[in-house]
Structures are given as C-alpha cells and as structure tokens.
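See below for the structure under consideration.
What follows draws every value from the coordinates through simple rules; no lab data is involved. Remember, predicted model here, so these are calculated numbers, not experimental data. Ideal geometry is used to build each Cβ from the backbone, glycine not excepted, and the neighbour counts take in all protein chains shown.
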Amino acid sequence: MSDAPDARRFRSLFISDVHLGTKGCQADLLLDFLRYHDADTVYLVGDIVDGWRLRQGWYWPQAHNDVVQKLLRKGRKGARMVYLPGNHDEFLRDYYGSHFGGIEVVETAVHVAADGRTYLVIHGDVFDVVVRHAKWLAFLGDWAYTTALGINTYLNFVRRKLGFPYWSLSQWAKLKVKNAVNFIGRFEEAVATEARRNKVDGVICGHIHHAAMHDHFGITYLNCGDWVESCTALVEHEDGRFEIIDWARTTRAATPLAPALLERPRAAA
C-alpha cells in the first residue's frame, strides 16, 4: 500500500486536526509520516481541511494537495477511510452517509479493537462550550491561534537554519497557561462522560490539539493530537494495543524509522 517498502503497518490509524489550507499546517511532516505508516482502517478525526481559514483567503500549496492525494491513494490501495468532520471542516457535515473517492463521511463511529474493546470515535468540538455557544469568540480565538502559528513558522525556520529541531511555541504556551490546562481537563472529562453514556470502553477524539492516553475518568481516553503543533497520530497494533507516535520527535533521528518512536503504555482498562 505504501511507497516505502519498509513502512510500518497497523490495524488502525487515527489522524486529526491537520488544518489543510492554513500556513501552520505541517504538511511536509504529515506526508513523510504517511509514507512510512499504513493501516487497514484510517480514521480522519476532524479538522482535516480548515474551511474557516479558506473562506477568509485561499491558501493551498502543493504539499497540501499532496496530502489529499496520499490519503486518497491509501483508499484506492485497499484501506478503509472514515472521515468524521470537525468544526473547521463542518461544511462536510451536510454529507453524512456519503462516499467521496472511497472515503466514508460519518458523524461518529464505534471502533471495535482487535481485543474486542469498543471506542467511540468523535472529533470532540460538541463538548467545547465556546464553539457551541459563542462561535464569534471561537473565531476570535482561531485568529489569535493562527497568529501564534504564524510566529511559530518563522521561529522554526530560524531554528532549522541553526540546526535545531522543530519546537512548538503555541503548544508550549498552551501548557503554561493555567486556564488552558484546566480547559483540557474539563474537555477530557466531558468526552469521557459521553463515552460512558454510549456504553463503550473508551473514546478517541481530537479537537484540542493535545495528544493524550489515560484513564483518569474511569474510561480510556485517547486523543490523536494534531499536525500544526505536536505532529502526532494514534495507531492501533494488531493485538489491540494503542500507541501515540510523535513524528516531530521521531524525525530528529537520522532515519525516519529509527527507534526514537515515542511509545506510551496502553491506558489501563
């Protein structure tokens, strides 16, 4: 399925918050990741395309088109492709139940892992009070976030010239601000509560750009992160074990498949 003969193959792959159409999207890193990772099922867990930014001004470099083509090619080669639109690509929510180029568009999904455990798959914006009840404030926050990502892009250009690895200013700032940390905790608890209401064993989501794997709320919580700050994805192994891959950290090694992969132990049941 992959262009790389030594690609790692998984049972399932979960990617969210790519934000194609924005300058902050790390499309080149994602293309490199997709080249070396394949799966039987690929879940696109929302905000893959950023319709909010594209409405304000068109930005679509070749690398962004290459990401779309790479994903479509995985579908043509036999992978099941499932797209769960988020708030930034909400224009696709009018097409639930449709197929585009072999990609299924659905509101939510229940993923059955190899070990029989069930996971609610959802983008997660419906549990964000700002997005639901003060959309104007969400747009304002999006503008501020995009500005921070723009600064981050130039900062990392300088860092690369000096031989330093990728580093996310916006992610660092988010984790240093108490209110942001509290928001992440409240979001995780709300999503875990919804999973419990749906009588599943866990939940897989995106939206807050913060990769995580834990069972702090009595249910397995998995967040696949994003491709503008952390450059992370969630994968399921053939035995049902989950792993968060930090690709920005991995590519600091000499080769893409060097043993620097960030593995995190599976959350307890």
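With a cut-off of 13 Å between beta carbons, the residues surrounding Gly75 carry a summed charge of +3, where Lys and Arg count +1 and Asp and Glu -1. Each Lys or Arg adds one and each Asp or Glu subtracts one; over the other residues with Cβ under 11 Å from the Cβ of Arg9, this totals -2. Taking amide H atoms as placed 1.01 Å from N in the peptide plane, the amide H of Arg80 lies under 5 Å from those of Thr41, Val42, each 5 or more residues away in sequence or on another chain.
Quick one: which of 121-127, 235-241, 28-34 comes out on top by average Cβ neighbours within 10 Å, and what's the full order, highest first? Mind showing how you got there, number by number?
Details: 121-127: 23.3, 235-241: 16.3, 28-34: 18.9.
By packing density, highest mean first, the sequence is 121-127, 28-34, 235-241.
The length gained by stretching the chain between Glu90 and Arg9 to full extension, at 0.36 nm per residue less their Cα-Cα distance, is 26.1 nm. Distance from the C-alpha centroid of segment 196-250 to that of segment 51-66: 26 Å, rounded to the whole angstrom.
The simple spin-label model puts a point 7 Å past each Cα toward its Cβ; for Gln69 and Val112 those points are separated by 3.8 nm.
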